[in-house]
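First comes the structure, then the notes that go with it.
Here, each number is a calculation from the coordinates, and none is a lab measurement. The shown structure was predicted, so the numbers you read here are calculated from the model rather than taken from an experiment. Positions of Cβ are generated from backbone atoms using ideal geometry, with glycine treated the same way; all protein chains shown enter the neighbour counts.
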Amino acid sequence: MPTNPTSTTARPDGRCNNEVRLDRWLWAARFYKTRQLSVTALKSGKVALNGRKAKPSRAVRVGDKLTVRREQFLYDVEVLELREKRVGAELAQKMYRETEESLARRRELEAQRDAQRKTMRYPDGRPSKKDRRILGQFKRGDFTQ
C-alpha cells in the first residue's frame, strides 16, 4: 500500500511528514508541560504563528516563525522539525532555533531577576506576636497607630 507524502501521520519515531497541530508541537517541544496548558496559552493569545494569533488546531510547518510568551519571557523561534510525540529535552531543543535577539532579551531578564533576588531581605524566622499584630492591622487596613 503506497504512502501519501502529504500525510500528517506520525512515523514510529514521532516525527511528522508535513504538518502538525500547533498545540501538540508546543507540548512536544517542551514549551508547556501539558497539552492543556498549551491550549490555554494559545486561546489566551500568548502564542503567535507567523505574526498572527493562532488557535490550537492551527497547522505548523517547518520554517514557520513562532512567538511564545511564558511568564515574563518572550521566545522567538523558527520551527526546524515536526513531532507529535513528546521527546527528551535534548531532542526537543533541536526542534526549533531561537533567534539571537530573543536569547539576549531572555538573558537580560534573567540577570535582572537574579539581581532583584539578591537585594531582597527575607525574615530570619517566624514573626513575633507584635509583628503578627502589625501584619493583621495592615491586612485589615487599620492604620491608626
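Values as computed for the structure displayed
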quantity	calculated
Any pair with Cβ under 6 angstrom, 6 or more apart, that starts in the range 72-94 at a residue that is of a type in the set (S, T, N, Q) and ends at one that is surrounded by fewer than 16 Cβ atoms within 10 Å (Cβ to Cβ) and not in a helix (DSSP H, G or I)	none
Qualifying helices (runs of 4 or more DSSP H) (wholly inside the range 69-145; at least 2 residues being in contact with a Leu (Cβ under 8 Å, 6 or more places away or on another chain) and either under 19 Å from K46 (Cβ atoms) or of a type in the set (S, T, N, Q) (or both))	100-119
Test: residue in the range 88-95 that is under 14 Å from R24 (Cα atoms) and under 15 Å from the mean Cα position of the chain (by Cα)	yes
Residue that is surrounded by the fewest Cβ atoms within 10 Å (Cβ to Cβ) [pool: residues in the range 93-145 that are among the hydrophobic types (A, V, I, L, M, F, W, C) and touching a strand residue (DSSP E or B) at 6+ places or on another chain (Cβ under 8 Å)]	L109
